[in-house]
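Novice: Starting off with a structure, shown below.
The values are calculated or read from the model by the stated rules, or taken from the named source; none is laboratory data. Quick caveat: nothing in here was measured; it's all calculated off a predicted structure. FYI the Cβ positions are ideal-geometry reconstructions off the backbone, even for glycines, and counts take in every protein chain you see. What goes into the accessible areas is simple: the full protein's heavy atoms, side chains included, and nothing from ligands, DNA or RNA. Shrake-Rupley method; radii C 1.70, N 1.55, O 1.52, S 1.80 Å.
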Amino acid sequence: MREFGYERAHDVAGAVALLCSDPGARLLGGGSNLVDLMKAGVERPTLLIDVQELPLDGIESTPEGGLRIGATVSNSDLAAHPDVRRHYPALAQALLAGASGQLRNMATVGGNLLQRTRCGYFADLSKPCNKRTPGSGCPAIAGEHRNHAVLGASEHCVATHPSDMAVALTAFDAVISYETAEGPGDLPIDAFYLPVGDTPHIETALPAGAVITGVTLPPAPAAYSHYRKARERASYAFAIGSVAAALDVHDGAVHDVRLAFGAVASRPWRARAAERALTGGPADADAFAAAADAELAAAQPLPGNGYKVTLMRNLVVAVLTRLAEEAAR
Ligand SMILES: Cc1cc2nc3c(=O)[nH]c(=O)nc-3n(C[C@H](O)[C@H](O)[C@H](O)COP(=O)(O)OP(=O)(O)OC[C@H]3O[C@@H](n4cnc5c(N)ncnc54)[C@H](O)[C@@H]3O)c2cc1C
Ligand code: SF4
C-alpha cells in the first residue's frame, strides 16, 4: 500500500491551488476509475483532492436554450434530469447504458470525461504499453485487440475511449469548461480529445493543473435523438460499438444530422463525412447505409476487429431509420 494524502476542496480556486501545490496530486470525483487504477498501480498519486463538494452540482438552462451541467453532477442525476430526457434523449440513453446503477450514482461528469481506456495491457504492469509508459511499445497490435480501434488509430496505440456519455456529448457539440491558476477556459469537445498520433499518453487538450467545472450543451439540434450501444452482455459491459445521432427531417429530406461513434477510436468519433453525405438528401435506409460507408471508408481494422466495420454500418442504419420514423409520425 502506498501512502497518499487526502484533501476535500470546497471551492474551485482551492481545488486549483491544491492541484498546483503537488505534481503528484490527482482530482477525485466518484473514484470509480481512479481508485481502480490506483489498486492496479497504474496511478500513484501522492495527494487526492476530492471535488465532490465543489459547488458544481447544478444543471441549469442557458439563455440560448441549451443546458449548463456542473462537473460534479452524478451520471444518475444527469440521466434523470427532465430537460436532458426531453431535449437530449440520446444523452440520457447513453448514460443509462453505462456501468451499473451504483456506479452511475458515484460517477461524475468530469470523471466520466477523463476515464481511461479499458485496454487490458494498459492496466497490466507486467506488459509494455505506450499509453502508460511512453516508448515501451503496443502489444495490442499483434495481441488482443478484438475491442480496439478501427478509426483514427496509430502504430503507437489502438485503444478506444470507453465513455458512452462522451459520445452523446460529441453529437451535441458540447463545450467543456475548466479553471486553472491563470483563469477559466473552454474547449469544444472535438478539440478536448486529442488525436492519438505518437503521444497516446496525452489524451486531452486540458491544460496542466485544470479542474473541469462543467459542460455546456447548445440548444438541441433536432427534436429526435437516440443512442444505441452494442456490447457483449445485455448490461454492465462497455460498448464494442455505439452510435449517438440526432436527425431533423423536412419534407422527407435531411435538414440537419449529428452523428458520433463510440468504441471505435481513441476518442469519441464525430462522423462528419457521414453527416455531409446525408445533409440535403433523402432520409431513407439506402442513404443511411451510403453515409455510413462514406465514414467507414477510412477504417483500418486489425486482423481481429474487422467485425466493427459491419457492426457500425448496421448501427448507423438502425438508429437513423428509427429517428426518421419518429420524425415522420
Ligand atoms: C465495472 C465498471 C463498468 C463500467 N461500465 C461503463 C460503461 O459501460 N460505460 C461507460 O461510459 N463507463 C463505464 N464505466 C466507467 C465509469 O463511467 C467511470 O469510471 C466514471 O464515469 C468515472 O467517473 P468518476 O467521477 O468516478 O471519476 P474518477 O475515477 O473520480 O476520476 C477519473 C479521472 O477524472 C479526473 N477528474 C475527476 N473529476 C475531475 C474534474 N472535475 N476535473 C478534472 N479532472 C477530474 C480524475 O483525476 C481521474 O483522472 C464503468 C466502470 C466500472 C468500474
Ligand atoms: S492499445 Fe494503447 S493502451 Fe493498449 S497496449 Fe497499446 S498503447 Fe497501451
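Novice: Just to check your reading of the model, which residue among S100, S136 is hydroxyl-bearing (S, T, Y), within 16 Å of ligand 2 (Cβ to nearest atom) and on the phi < 0 side of the Ramachandran plot?
Specialist: Step by step, each of S100, S136 is checked, and only S136 is hydroxyl-bearing (S, T, Y), within 16 Å of ligand 2 (Cβ to nearest atom) and on the phi < 0 side of the Ramachandran plot.
Novice: Quickly run through the stretch 143-174 and pick out the residues that are of a type in the set (V, I, T) and in contact with a Leu (Cβ under 7 Å, 6 or more places away or on another chain).
Specialist: Result: V158, single match.
Novice: Inside the stretch 101-139, can you point out the residues that are within 9 Å of ligand 1 (Cβ to nearest atom), open to solvent by 50 Å² or more (accessible area, probe 1.4 Å) and in contact with a Gly (Cβ under 9 Å, 6 or more places away or on another chain)?
Specialist: Within the stretch 101-139, L103, M106, L114 meet the criteria.
Novice: With closer than 22 Å to N112 by Cβ and surrounded by 12 or more Cβ atoms within 10 Å (Cβ to Cβ) as the only criterion, which of A17, A9 stands out?
Specialist: Among A17, A9, only A9 is closer than 22 Å to N112 by Cβ and surrounded by 12 or more Cβ atoms within 10 Å (Cβ to Cβ).
Novice: Counting just the residues of the stretch 144-175 that are part of a helix (DSSP H, G or I) and among the hydrophobic types (A, V, I, L, M, F, W, C), which one comes out nearest to ligand 1 (Cβ to nearest atom)? Full working, then the answer.
Specialist: Residues of the stretch 144-175 part of a helix (DSSP H, G or I): 165-171.
Then keep just the ones that are among the hydrophobic types (A, V, I, L, M, F, W, C); that gives 165-169, 171.
On the way: M165: 6, A166: 8, V167: 9, A168: 10, L169: 11, A171: 15 Å.
If we take residues in the stretch 144-175 being part of a helix (DSSP H, G or I) and among the hydrophobic types (A, V, I, L, M, F, W, C), then M165 is nearest to ligand 1 (Cβ to nearest atom).
Novice: Also, I was wondering about something else. Given the options A107, A123, name the one that is within 16 Å of ligand 2 (Cβ to nearest atom) and of a type outside the set (S, T, Y).
Specialist: A123
Novice: May I pose another question? Among the residues of the stretch 176-185, is any in contact with a Cys (Cβ under 9 Å, 6 or more places away or on another chain) and outside any helix (DSSP H, G or I)?
Specialist: Yes, the stretch 176-185 contains at least one residue that is in contact with a Cys (Cβ under 9 Å, 6 or more places away or on another chain) and outside any helix (DSSP H, G or I).
Novice: Continuing with this model, one more query. Under 8 Å between Cβ atoms, which residue pairs at least 6 apart in sequence (or on different chains) link something in the stretch 104-116 that is more than 17 Å from I59 (Cα to Cα) with a partner that is among the hydrophobic types (A, V, I, L, M, F, W, C) and surrounded by fewer than 24 Cβ atoms within 10 Å (Cβ to Cβ)?
Specialist: L114/L206; R116/L37; R116/V42; R116/F122
Novice: Moving on. Y178 fails exactly one of the following numbered conditions: (1) within 13 Å of ligand 2 (Cβ to nearest atom); (2) open to solvent by 20 Å² or more (accessible area, probe 1.4 Å); (3) touching a Ser or Thr at 6+ places or on another chain (Cβ under 8 Å). What is the number of that condition?
Specialist: All conditions pass for Y178, except number (1).
Novice: Follow-up question, since we're still on this one. Specify the residue that is nearest to P139 (Cα to Cα); the eligible residues are those in the stretch 301-316 that are open to solvent by 10 Å² or more (accessible area, probe 1.4 Å) and in contact with an Asp or Glu (Cβ under 9 Å, 6 or more places away or on another chain).
Specialist: Here the answer is G304.
Novice: Inspect the stretch 33-51 for any residue being within 18 Å of the chain's Cα centre (by Cα), among the hydrophobic types (A, V, I, L, M, F, W, C) and farther than 27 Å from L247 by Cβ and give the result as yes or no.
Specialist: Taking every residue of the stretch 33-51 in turn, at least one turns out to be within 18 Å of the chain's Cα centre (by Cα), among the hydrophobic types (A, V, I, L, M, F, W, C) and farther than 27 Å from L247 by Cβ.
Results for (1) at pLDDT below 95; (2) among the β-branched types (V, I, T); (3) buried (at least 18 other Cβ atoms within 10 Å of the Cβ); (4) within 15 Å of ligand 1 (Cβ to nearest atom), shown as yes or no for each residue.
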{"position": "G58", "(1), (2), (3), (4)": "no, no, no, yes"}
{"position": "L67", "(1), (2), (3), (4)": "no, no, yes, no"}
{"position": "G70", "(1), (2), (3), (4)": "no, no, yes, yes"}
{"position": "S74", "(1), (2), (3), (4)": "no, no, yes, yes"}
{"position": "A79", "(1), (2), (3), (4)": "no, no, yes, yes"}
{"position": "P82", "(1), (2), (3), (4)": "no, no, no, no"}
{"position": "R85", "(1), (2), (3), (4)": "no, no, no, no"}
{"position": "A92", "(1), (2), (3), (4)": "no, no, yes, yes"}
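Novice: Let me ask something else. From A285, A223, grab the single residue that is touching a residue at least 24 places away in the same chain (Cβ under 8 Å) and in contact with a helix residue (DSSP H, G or I) (Cβ under 7 Å, 6 or more places away or on another chain).
Specialist: Exactly one residue qualifies, and that residue is A285.
Novice: Kindly establish whether A237 is within 20 Å of the chain's Cα centre (by Cα) and within 16 Å of ligand 1 (Cβ to nearest atom).
Specialist: Spelling it out, A237 is indeed within 20 Å of the chain's Cα centre (by Cα) and within 16 Å of ligand 1 (Cβ to nearest atom).
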